[in-house]
Amino acid sequence: MNQSKETCKRFLLPLLFLVLAVFIDQFSKWLVVEYLKPIRSFPIIDGVFRLHYLENRGAAFGIFYGWQGFLIVFTVLITLGVVYLYFHIPGGRRYLYMRIISILILSGGIGNLIDRIRFGFVIDFLFFELINFPVFNIADSYMVIACILFLFLVLFYYKEDELDFIFNAFSRRNKG
């Protein structure tokens, strides 16, 4: 029973969170297509933040514009790598943040991958007009939050040897 509880904590709850996060992203994009696409843009705080419909045919900041096949393959490879890495994250509370980061990256990648496969582009709609920041979506937010959290943890939380599992997961040598 204890092993079953550990399996649930380590795999089923994260899977549930992943599915929920992807659902939230996809539902928000459905709402955007249904209600925002016809009007293209809607101010939330005039001059500061608006919902703005955009079909992004590239990656972040428009790089790789029109390279949907490449972006799909790249996302699938990164997703598989993160899943593989997830299974190599040590157990215990100390590495809970690393598991959360993995789930956030997977949620964001899968959310945008679904768009690329369904539409041939990613639906973006969040626009900070005040600073003219590129239009983004909830899946992008998951990945940015994960990267910021990872950077913070690497700089201030984990010791260097506590992150060896990342490099060991992808190396061919095994520790005895």
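Name the most mobile residue of Leu113, Leu104, Leu96, meaning the one with the largest mean-square fluctuation, in a Gaussian network model of the chain with Cα contacts below 10 Å.
Result for the chain, Cα springs under 10 Å: Leu96 fluctuates most.
Karplus couplings for the range 101-116 from phi (6.51 cos²θ - 1.76 cosθ + 1.60, θ = phi - 60°), rounded to Hz, Gly and Pro as x?
Values, residue by residue: 4, 4, 5, 5, 5, 4, 4, x, x, 5, x, 6, 5, 4, 4, 4 Hz.
Points 7 angstrom from Cα along the Cβ direction at Ile145 and Leu16: gap in nanometres?
Computed distance between label sites Ile145 and Leu16 equals 1.8 nm.
Would you mind calculating the gained length between Phe74 and Phe61 on full extension (0.36 nm times residue separation, minus the Cα-Cα distance), in nm to one decimal?
Length difference between fully extended and current span is 3.0 nm.
When the chain is modelled as a GNM with alpha-carbon springs shorter than 10 Å, which of Leu20, Leu126, Leu106 fluctuates the most?
The residue that fluctuates most here is Leu20.
Among Asn132, Phe17, Gly66, pick out the residue whose Cα is farthest towards the positive end of the charge dipole of the chain, where Lys and Arg carry +1 and Asp and Glu carry -1 on C-beta, about the Cα centre.
Checked the options; the winner is Phe17.
Along its three principal axes, how long is the range 1-51 when you only count alpha carbons? Whole Å, largest extent first please.
Sorted from largest, the Cα extents of the range 1-51 read 54, 22, 8 Å.
Summing +1 for each Lys or Arg and -1 for each Asp or Glu, what net charge is found among the other residues whose Cβ lies under 14 Å from the Cβ of Ile110?
That sum, taken over residues with Cβ under 14 Å, equals 0.
All other residues with a Cβ under 13 Å from the Cβ of Leu15 taken together, and with Lys, Arg as +1 and Asp, Glu as -1, what is their net charge?
Cβ neighbours under 13 Å give a net charge of +3.
Compute the separation of the alpha-carbon centres of the range 31-61 and the range 90-107 and state it in Å as a whole number.
Result: 31 Å between the Cα centres.
I need the phi-derived Karplus couplings for the range 13-26: 6.51 cos²θ - 1.76 cosθ + 1.60, θ = phi - 60°, integer Hz, Gly and Pro marked x.
5, x, 5, 4, 4, 4, 4, 5, 5, 5, 4, 4, 4, 5
Straight-line reach from Lys29: which aspartates and glutamates fall under 13 Å, measuring Cα to Cα and dropping same-chain residues less than 8 apart?
Glu55, Asp115, Asp124, Asp140
Convert 37 °C to kelvin, take the viscosity as 0.692 mPa s, use the Kirkwood radius over C-alpha pairs of the range 17-176 as Rh, and evaluate the Stokes-Einstein diffusion coefficient in µm²/s, rounded to a whole number.
Taking Rh from Cα pairs, D becomes 191 µm²/s.
Kindly state, to the nearest 0.05, the FRET efficiency for Trp30 paired with Phe165, given R0 = 45 Å and r defined as their beta-carbon distance.
Efficiency computed from Cβ-Cβ geometry: 0.75.
Please report, in debye to the nearest 20, how large the charge dipole of the range 2-170 is about its Cα centre when each Lys and Arg carries +1 at its beta carbon and each Asp and Glu carries -1 there.
Magnitude of the dipole: close to 380 debye.
Please arrange Arg94, Arg10 by counting, for each residue, the other beta carbons lying within 10 Å of its beta carbon, fewest first.
Fewest-to-most Cβ neighbours within 10 Å comes out as Arg94, Arg10.
Which one, Phe128, Phe156, Phe70, has the greatest fluctuation when you compute a Gaussian network model over the chain with C-alpha springs under 10 angstrom?
For the chain, modelled as a Gaussian network with Cα springs under 10 Å, the answer is Phe156.
Read-outs: derived from the displayed coordinates by stated rules, not from any lab. Keep in mind that this is a model prediction, so the values were computed, not measured. Quick reminder, even Gly has a Cβ in these numbers, built from the backbone with ideal geometry, and neighbours come from all protein chains shown.
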